[in-house]
Ligand code: UMA
């Protein structure tokens, strides 16, 4: 796997980690970004006796949180920033952006939280990446292996490190890894690396799909890592790598394959055939069967108990905001899939509800803050079940117009806010209809994230129904 970064930035390599930590004891460090990762980083450095020279954050409102932590937000030009041993970057900070570029231009290397984790806590048992399905798959694997689930799902890796001056307790970890986190890492080598799929996303950050793909490939860069790869994904299918790979998909066969159908998962590993029954799973849709297959084989490769794997398949209720059926008083069905922040995720949601609620007319809500992604795949996949498209939020109108330009004949309307859109839609929803809230866009026009958007969707639903 070729190493490539869209922006050439200086990283601390894994074998230099202990050296720079030593230097930081006298020179101090810079923490870039004061969100979940930055706060966990400041706390770790403080309990390790390392001075935080400065916080760099573009948002002036973060001054309050900084002073609560007894650190201060400074400008890059500040003398104290210049002399720091390294900068710890939060994943959301674009390495090509002004903040990062000015830090690099001072010659300060970046140290990734993943490299710190590998050095002080150990590599995760399983790392999971891909555009969609990461959190669900990582959670399934975590339950199958009885391990902690960390990373992009909401727990910064750095939070797991007890102290940088003493060895930490080894922990059983399943890590959800975003392309942003992988981009900052100099190396990562989980026992098993599951790469679920790749669809257009984060082009604002990575520029091209090729680069986005390459950042994600860092997960399986080590030949020691067993790669669990999706055979139904055209980019992954052609991948050549050193080290063992296992392929999951709907048509794969032979040794090293994990085939799934609506009924079961069949893994052929090390000369043995292992089956898991899918008849009781509460997860719906082909994309979730792919997630279940990837999870089951990743857990098997880490020697999970087969009975536990089957039990998790049978009982896992799914995560909030992912194809979540919202209880309603009427006969119509309402589904909250606020996590669908790309057109590809919306299409997966649509296919899943079509399969699980046959015969229902679908009212599809799209909108929020559109990403750099094309809508034509979704437009061509709408099918006859979709009756209305409702746009909402910052880019709602543009999105429904774009979709209906590719696929004509669909009724659509749009509203400035989620509240207005629901106020219009809910009283008109017929008993045979299903309302699918799978926006296909980020939520930052109105909300702090997809979780807040999903919670607000459910709250407005209750309010309208009263
Ligand atoms: N900031 C700047 N300049 C920038 C960007 C950010 O100053 O150019 C500052 C912000 O003002 C803020 C801080 O940086 O104070 C936020 O840092 P961050 O965006 O890295 O967010 P964290 O709160 O540290 O959360 C990060 C992940 N966020 C992102 O990657 C954007 C969380 O993933 C993750 O759960 C958390 O670390 C723990 O690992 C969220 C996410 O949206 C869920 N991930 C993307 C996704 O899933 O699509 C990749």
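The values are calculated or read from the model by the stated rules, or taken from the named source; none is laboratory data. Note that the coordinates shown come from a computational prediction; the quantities given were computed from them, not determined experimentally. Note that we place each Cβ from the backbone using ideal geometry, even for glycine, and neighbour counts take in every protein chain shown.
Laid out as a table, the results:
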| item | result |
| --- | --- |
| Enumeration of residues in segment 57-73 that are more than 11 Å from the ligand (Cβ to nearest atom) and in contact with a helix residue (DSSP H, G or I) (Cβ under 6 Å, 6 or more places away or on another chain) | 69, 71, 72 |
| Neighbours by Cβ (under 6 Å, 6+ apart or cross-chain): first from segment 167-181, on the phi > 0 side of the Ramachandran plot; second near the ligand (Cβ under 8 Å from one of its atoms) and modelled with pLDDT of 95 or more | none |
| Filtered residues of segment 111-130 (kept if closer than 19 Å to residue 163 by Cα and outside any helix (DSSP H, G or I)) | 111, 112, 121, 122, 123, 124 |
| Pairs with Cβ under 9 Å, 6+ apart, first in segment 337-353 and free of Cβ contacts under 8 Å to residues at least 40 places away in the same chain, second buried (at least 24 other Cβ atoms within 10 Å of the Cβ) | 347/340; 347/378; 347/438; 347/440 |
| Residue match in segment 264-275 (condition: free of Cβ contacts under 8 Å to residues at least 12 places away in the same chain and crowded, with 17+ Cβ neighbours inside 10 Å) | yes |
| Candidate set from segment 276-291 (those that are assigned to a helix (DSSP H, G or I) and in contact with a helix residue (DSSP H, G or I) (Cβ under 6 Å, 6 or more places away or on another chain)); member that is surrounded by the most Cβ atoms within 10 Å (Cβ to Cβ) | 291 |
| Flag if residue 35 is modelled with pLDDT under 95, surrounded by fewer than 23 Cβ atoms within 10 Å (Cβ to Cβ) and within 13 Å of the ligand (Cβ to nearest atom) | no |
| Residues (surrounded by 15 or more Cβ atoms within 10 Å (Cβ to Cβ) and under 21 Å from residue 114 (Cα atoms)) located in segment 219-245 | 219, 220, 221, 222, 225, 226, 227, 228 |
| Selection count where residues are free of Cβ contacts under 8 Å to residues at least 40 places away in the same chain and surrounded by fewer than 18 Cβ atoms within 10 Å (Cβ to Cβ), scope segment 422-454 | 6 |
| Search result, residues across segment 83-109 that are crowded, with 21+ Cβ neighbours inside 10 Å and more than 13 Å from the ligand (Cβ to nearest atom) | 84, 85, 86, 108 |
| Restricting segment 348-402 to residues that are more than 25 Å from the chain's Cα centre (by Cα) and part of a strand (DSSP E or B), the residue that is nearest to residue 447 (Cα to Cα) | 390 |
| Criterion violated by residue 254 - all others in (1) buried (at least 23 other Cβ atoms within 10 Å of the Cβ); (2) on the phi > 0 side of the Ramachandran plot satisfied | (1) |
| Leading residue by the ranking (farthest from residue 221 (Cα to Cα)) among those in segment 113-122 that are in contact with a helix residue (DSSP H, G or I) (Cβ under 8 Å, 6 or more places away or on another chain) and away from the ligand (no atom under 14 Å from the Cβ) | 121 |
| Boolean, residue 65 is surrounded by fewer than 22 Cβ atoms within 10 Å (Cβ to Cβ) and without any contact (Cβ under 8 Å) to a residue 12 or more places away in the chain | no |
| Among residues of segment 320-347, those that are at positive phi and part of a strand (DSSP E or B), counted | 0 |
| Cross-chain or 6+ apart pairs with Cβ under 6 Å, segment 17-33 first and farther than 14 Å from residue 164 by Cα, then assigned to a helix (DSSP H, G or I) and within 16 Å of the ligand (Cβ to nearest atom) | 30/81; 31/38; 31/41; 31/42 |
| Residue that is surrounded by the fewest Cβ atoms within 10 Å (Cβ to Cβ) [pool: residues in segment 142-175 that are within 9 Å of the ligand (Cβ to nearest atom) and in a loop (DSSP other than H, G, I, E, B)] | 154 |
| Residues of segment 362-381 that turn out to be in contact (Cβ under 8 Å) with a residue 40 or more places away in the chain and farther than 14 Å from residue 437 by Cα, as a count | 8 |
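Residue by residue, here is whether (1) surrounded by fewer than 16 Cβ atoms within 10 Å (Cβ to Cβ); (2) in contact with a helix residue (DSSP H, G or I) (Cβ under 7 Å, 6 or more places away or on another chain); (3) over 17 Å from residue 133 (Cα atoms) holds:
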residue: 313; (1), (2), (3): no, yes, no
residue: 331; (1), (2), (3): yes, no, yes
residue: 336; (1), (2), (3): no, yes, no
residue: 339; (1), (2), (3): no, yes, no
residue: 343; (1), (2), (3): no, yes, no
residue: 354; (1), (2), (3): no, no, yes
residue: 359; (1), (2), (3): yes, no, yes
residue: 380; (1), (2), (3): yes, yes, yes
